[in-house]
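Written below as structure tokens is the structure these notes are about.
Each reported figure results from applying straightforward, stated rules to the coordinates on display, with no laboratory input. For clarity, every value in this text was computed on a predicted model and none was experimentally measured. Heads up, the Cβs are rebuilt from the backbone with ideal geometry, glycines too, and the neighbour counts pull from every protein chain shown.
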Amino acid sequence: MTKTSIKHIAEDYNMSEQEIVNKINDFGIEQTDEKYLEGEDLELFIEMLNQEIKEERGNVIEVDNKITVQDLAEKMEKSASEIIMKLMKMGTMATINQEISFDIASLVSNEYGFSLIKNESSELEELEIESLMDIEEDDEKDLVPRPPVVTVMGHVDHGKTSLLDAIRDTDVISGEAGGITQHIGASEVRIKDHKIVLLDTPGHEAFTSMRARGAQVTDIAILVVAADDGIMPQTVEAINHAKAAGVPIIVAINKIDKPAANPDKVKQELADQGLLVEDWGGDVISVEVSAKQRLNIENLLEMVLLVAEVEELKANPNKRAVGTVIEAELDKGRGPVATVLVQGGTLRVGDPIVAGVASGKVRAMINFKGKRVKQAGPSTAVEILGLSEVPSGGDQFVEVPNDKTARLIADKRKAIQREESLKASSKISLDALFEQMSEGQVKDLNIVIKADVQGSVQAVKQSLEKLSTDEVQVQVIHGGVGAITESDVMLASASNAIIIGFNVRPVSGSEQVAEKESVDVRTYTVIYKAIEDVKAAMSGLLDPEYVDEDTGKVEVREIYKISGIGTVAGCYVLSGKILRNSKVRIVRDGIIIHVGELAALKRFKDDVKEVAHGYECGLSFVNYNDVKEGDIVEAYIVKEVERTLD
Ligand code: GDP
């Protein structure tokens with residue numbers, strides 16, 4: 001709680017202590033301590049005093065501990081040079097952008113009939129802000145059971161949305177008033193008098209992007225697998241995403257009403273992914289359901305409760321509220337609207353909160369049924385109104401003592417965010433691996449592998465995992481066939497992993513995401529080189545003496561077969577430029593199908609040295625004629641990088 005001495009206030013306001021005490025009495029504030037004012041009393045007093053001064057003296061300027069000459073001049077509507085002159089006369093030399101202390105600024109402004117007062121926020125100790133952002137550890141005795149929060153994941157069309165609908169319908173049957181539910185990003189169902197919270201956004205993208213931002217909201221993942229289709233690529237992704245997050249999985253084998261349904265095949269395939277179901281002797285719970293015919297849904301929910309019980313999910317409802325923003329948007333009528341999941345404490349209408357870089361007082365709370373509520377305890381999702389701006393999904397929110405503090409913390413977070421985006425990220429990278437290992441930052445080297453064929457995934461995985469040492473455990477957290485997607489990058493980001501692509505490339509867009517998330521993406525065309533690199537990185541010997549530097553991307557638009565020469569590709573330079581001595585990668589659907597050199601680079605009939613973005617050109621390749629329309633040719637040069645010895 002903020003506490004300031006009367007003496008201090010008197011100094012700030014250029015008044016005597018007695019004058020301050022008189023004012024306190026005038027304002028009807030009860031002084032509990034004759035030397036200090038604190039908390040709400042302090043706030044109220046300062047507010048009233050400022051108001052009075054404003055009325056009496058007219059010109060009050062609120063400043064921080066320091067102010068630049070320019071800002072001060074602007075606030076008094078004077079020219080900066082005039083202020084500089086004034087300062088000089090007072091024996092202070094200052095330039096326009098220089099910061100001057102509160103005292104000096106105060107002297108200058110008095111000359112112009114202004115009075116300067118200290119912005120209270122600058123008084124709030126850094127430490128205090130820090131401690132408000134840290135959430136206190138809970139005492140075991142304060143914890144009470146809380147409902148589980150569930151996410152539904154699975155391959156597209158396997159029935160995630162249908163299952164969510166079916167689950168919500170189950171609740172209607174159980175007698176809860178239902179029907180129209182307002183979409184707030186989460187919903188609740190009640191089964192056997194227990195509550196289950198469902199996050200409405202199905203799929204692992206939402207799940208992983210939250211986790212990448214440091215938020216863990218899901219307690220249990222329901223993995224939907226269509227019984228007539230079996231394990232598909234996104235099923236595998238979902239499994240790995242849940243595993244990486246350490247979230248227990250319950251398998252819902254869906255569409256068992258279909259004649260082609262083959263639950264046993266699904267179980268076999270699950271076993272191949274390391275998920276051994278109970279009736280096969282494992283410990284993974286699976287339930288055969290039909291979302292369409294509403295079969296076995298209750299049974300599935302009971303299993304959720306069972307797992308929740310084993311997990312012993314608990315929270316302390318009697319502390320300041322803390323949780324995570326599930327989603328948020330700017331509503332035309334209502335301003336910033338955020339759906340938050342309360343994870344600890346109890347959030348009440350009127351509570352001042354910080355959510356990411358947004359702050360404000362909770363003006364209203366709406367539950368998943370669209371009803372206004374006054375409070376929300378642990379494992380409750382509510383929509384809240386009253387924030388200053390729109391936070392991001394995955395942002396943490398915390399309740400703070402007052403809205404001024406909320407604003408300060410939000411501002412501070414903004415500053416931290418800026419700093420962090422400027423600062424090189426602390427994400428793992430092969431180049432810095434040894435250093436990170438030596439500093440004890442790294443105990444696991446997590447890797448996501450993408451390759452052109454399954455065989456390569458396995459081969460790379462096995463060879464890499466064998467590199468594990470006592471210091472570093474090499475772990476492949478996901479392996480798949482195909483181009484490197486945004487989902488791969490987000491998984492890597494969330495799990496602090498690097499991505500190794502073997503004969504594949506990032507799809508467009510995922511490169512930018514990788515850069516933004518500082519995920520180290522390495523692509524190789526020979527397996528041993530990938531292994532070598534990782535091995536070298538682990539021993540601190542990674543030698544980036546030669547790197548491929550991409551110079552441009554070219555799209556193949558037409559193919560000409562010319563006798564005696566071979567295939568010539570009529571191309572368009574999409575970005576950057578291509579050089580006659582460029583090396584080239586030919587990429588088809590994200591897979592590298594050829595790496596080699598150019599045999600010729602032409603503009604119309606002429607041989608040229610380079611062709612830039614926006615121009616057409618003709619390409620032919622050394623010993624390669626299988627280029628096709630739509631292929632992307634990536635031009636690069638091999639650059640020697642000077643070794644930095646440190
Ligand atoms: P999502 O992409 O995973 O969200 O899948 P949807 O819920 O949209 O379902 C995809 C398709 O499968 C839709 O046409 C559903 O009607 C159908 N479907 C979902 N569940 C079942 C089921 O249990 N049985 C049958 N026969 N069809 C289902």
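Label-to-label distance, residue 532 versus residue 279, with points set 7 angstrom from Cα along the beta-carbon direction: 5.2 nm. Counting other Cβ atoms within 10 Å of each Cβ, which GluC sites (Glu not before Pro) in the stretch 270-359 have at most 16 and sit in a DSSP loop? Taking the stretch 270-359 and a limit of 16 other Cβ atoms within 10 Å, the loop GluC sites (Glu not before Pro) found are 312.
Stretching residue 597 away from residue 465 to a fully extended chain increases their span by 44.2 nm, per 0.36 nm per residue minus the current alpha-carbon distance.
Applying the Karplus relation 6.51 cos²θ - 1.76 cosθ + 1.60 with θ = phi - 60° to the stretch 625-635 yields 3J(HN,Hα) values of 10, 8, 5, 10, 4, x, 5, 10, 9, 9, 8 Hz, where x marks Gly and Pro. Think of it as helices only: each DSSP H run of n ≥ 4 in the chain is worth -39500 (n - 2.57), and spread over all residues that comes to -9500 deg cm²/dmol at 222 nm. Taking other C-beta atoms within 10 angstrom as a stand-in for reagent exposure, 153, 48 fall in the order 48, 153, fewest first.
Once the Cα atoms are used to define both axes, helix 102-111 deviates from the longest principal axis of the chain by about 50 degrees. With loop membership from DSSP and a limit of 12 other Cβ atoms within 10 Å, the longest segment of the chain without trypsin sites (Lys or Arg not before Pro) is 36-191.
Remark: the residue 392-residue 427 segment gains 10.5 nm on full extension, using 0.36 nm per residue and subtracting the alpha carbon distance. Net charge in the neighbourhood of residue 567 (other residues with Cβ under 13 Å of its Cβ; Lys, Arg +1, Asp, Glu -1) is -2.
When you filter the GluC sites (Glu not before Pro) in the stretch 450-500 for DSSP loop state and at most 15 other Cβ atoms inside 10 Å of their Cβ, you are left with 471. Measuring between alpha carbons in the structure, the pairs from 160/195; 192/319; 314/450; 404/516; 255/466; 192/267 lying more than 30 angstrom apart are 314/450; 404/516; 255/466.
Between the stretch 454-506 and the stretch 1-55, the C-alpha centres lie 62 angstrom from each other. In terms of overall dimensions, the chain has a Cα radius of gyration and Dmax of 31.5, 103 angstrom. Shown for the stretch 544-646 is the translational diffusion coefficient from the Stokes-Einstein equation, using the Kirkwood radius over Cα pairs, a temperature of 25 °C and a viscosity of 0.890 mPa s: 176 µm²/s. The gain in end-to-end length when the residue 22 to residue 604 segment is fully stretched comes to 200.4 nm, 0.36 nm per residue minus the alpha carbon separation.
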